[in-house]
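The next block holds one structure in the form of structure tokens; read it before the comments.
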Amino acid sequence: MTNTASFKQIWQLSLFSFIVAAISGFLYRYGMLYSLPEWLHFANIRHAHSHLMFFNWICAPIMVWMAASITGCTSEKLIRKFTTCLYSMLFLGFLSFPLFLVYGYHSVAIGPANLPLAAIVSGLVMLNWYWFARLYYSNRKGAPSTLSMSFFDGALLALIISSLGAWGVSVFQFTNVDSPLTASAMTHFFLTVFTEGWAVLGILGIIWSQIQDKESLITITPGWLWIPILFGSMMVFPFSLTQTMITPLMLSAAKTGLVLIVLSLSLNVWLLIKSKELNGFLWKSVIALLILKILLQSLAILPVDIWPGEHGLRVLYLHMLLLGFVSITLFESFHPSRNWFAKVLFTTSVFLVVISLINISGYWPARFIIPNIYFWIMIIAILPIIPATHIWISDLLN
Ligand code: HEM
């Protein structure tokens, strides 16, 4: 069993980031109904929220699990190297939050220079990812060749590849090329490889590492469980673009990517269920959300009139995946056999968030939309924060 005890404070800071970022998500919903201070803009709240969630809530716990998988509890020196790297990443993640909240991507006058501070800090976070990757790959040799380690190797590769999209956007700004498609494609390449590659493979790696002894169940070549997801994650970004922007070739590539993801994820689900290791309400919810993800992505392969890049559907899908599948797995993995009631409340509240977002997905019949839906969405947005704060405080006191 992976022992993450040496990284306890990293996990606590990461959980604190979740709470801060989730409060900013609530603030966004509040601002849709009531007035916010004039300096606070919706786009900036969204940037602050999503970057803190991505940098500190998704990255840090997955990296902790990866580091713990190769350091075990043996090498103090190696643990120190990893913790220094992760503290630095968390610090930069926290720093990005007020900068995005106040300035967004805009430049700020500092003396004679105009600097896009939030973008600069985000660049430093990505350099920090490379620092982690260097530590991981250079100490990876001694670790056992398990299925979860293959998932972690693939996940980290996806993280590095995704970052190329983000650098591409920065470099592109300084060229004379006027192509909204290229700029948008690079941004969405980053976001999609990050979520579908890094986050999904990293979380599956965490899940598989907890049922390592059942690996004998895997009667197929293990590569089928993660390689198609890695390649697929790099092909599906056109679905996040405006439908009219993309060429038939891009659409075919995106659909092929989705087929790869759907097939490989289905194999994972089948073997996870067959292992009979993921029991209880929380793990069953994780599997249910994974099946829901597969179903939604299968719909996008079929010739039906659904476009995943449309705002409402995109927000629904991202929260089902990241607040649902990813976050519930993190709570259950970092707190096994503790805080059971709070974790059940968290999971229940996530389902309420998902149901509330279905109402504003743009695909829900108007006559079935709950009256005062934006008020209820605002109230429901607070719910996951309450058990998460309870778990954070109980962890601090432990
Ligand atoms: C209680 C928890 C959460 C609340 C209340 C919340 C709320 C929100 C809100 C209000 C938005 C803006 C929606 C819009 O533009 O219409 C948003 C966007 C976003 N959230 Fe969350 N969120 C939560 C959890 C998470 C988590 C856990 C993640 C990722 C780990 C996440 C990632 C994102 C991303 C990436 C966007 C930008 C979506 C886009 O514009 O494409 N959120 N969230």
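The values are calculated or read from the model by the stated rules, or taken from the named source; none is laboratory data. Values in this document were obtained by computation on a predicted structure and should not be read as measured data. Neighbour counts run over all protein chains shown; Cβ positions are idealised from the backbone, glycine included. Ligands, DNA and RNA are excluded from the accessible area calculation, which covers all protein heavy atoms including side chains. Shrake-Rupley method; radii C 1.70, N 1.55, O 1.52, S 1.80 Å.
Of all the residues in region 206-256, those that are aromatic (F, W, Y), in contact (Cβ under 8 Å) with a residue 40 or more places away in the chain and buried (at least 16 other Cβ atoms within 10 Å of the Cβ) number 4.
For K77, the conditions (1) touching a residue at least 24 places away in the same chain (Cβ under 8 Å); (2) part of a helix (DSSP H, G or I); (3) over 26 Å from P384 (Cα atoms); (4) not aromatic (F, W, Y) all hold with the exception of (1). Exactly one residue among A288, A366 is away from the ligand (no atom under 15 Å from the Cβ) and at pLDDT below 95, and that residue is A366. Check whether at least one residue in region 196-212 is in a helix (DSSP H, G or I) and at pLDDT below 90, and report yes or no. Within region 196-212, one or more residues are in a helix (DSSP H, G or I) and at pLDDT below 90.
Screening A109 on (1) in a helix (DSSP H, G or I); (2) in the same structural domain as N44 (by TED's automatic domain parsing) shows it passes everything except condition (1).
Residue-level analysis places A67 among those that are of a type in the set (G, A, S), closer than 25 Å to S163 by Cβ, assigned to a helix (DSSP H, G or I) and more than 16 Å from the chain's Cα centre (by Cα). Of the residues making up region 215-232, not a single one is within 16 Å of the ligand (Cβ to nearest atom), modelled with pLDDT of 95 or more and under 30 Å from M149 (Cα atoms).
Scanning region 1-19 for residues that are assigned to a helix (DSSP H, G or I) and either closer than 12 Å to F334 by Cβ or modelled with pLDDT under 95 (or both) turns up A5, S6, F7, K8, I10, W11, Q12, S14, L15, F18. Evaluate the following for Y130: is it open to solvent by 30 Å² or more (accessible area, probe 1.4 Å), assigned to a helix (DSSP H, G or I) and within 21 Å of S233 (Cα to Cα)? Taking the combined requirement at face value, the residue satisfies it.
Restricted to region 9-19, and to residues there that are open to solvent by 40 Å² or more (accessible area, probe 1.4 Å) and within 20 Å of L101 (Cβ to Cβ), the residue that is farthest from the ligand (Cβ to nearest atom) is L13. Exactly one residue out of F375, F325, F346 is in contact with a helix residue (DSSP H, G or I) (Cβ under 8 Å, 6 or more places away or on another chain) and more than 10 Å from the ligand (Cβ to nearest atom): that is F325. Scanning region 24-56 for residues that are surrounded by fewer than 16 Cβ atoms within 10 Å (Cβ to Cβ) and within 9 Å of the ligand (Cβ to nearest atom) yields M32, F42, A43. Taking the criterion of being of a type in the set (G, A, S), open to solvent by 10 Å² or more (accessible area, probe 1.4 Å) and assigned to a helix (DSSP H, G or I), the residues of region 145-192 that qualify are S150, A166, G168, S170, A183, S184, A185.
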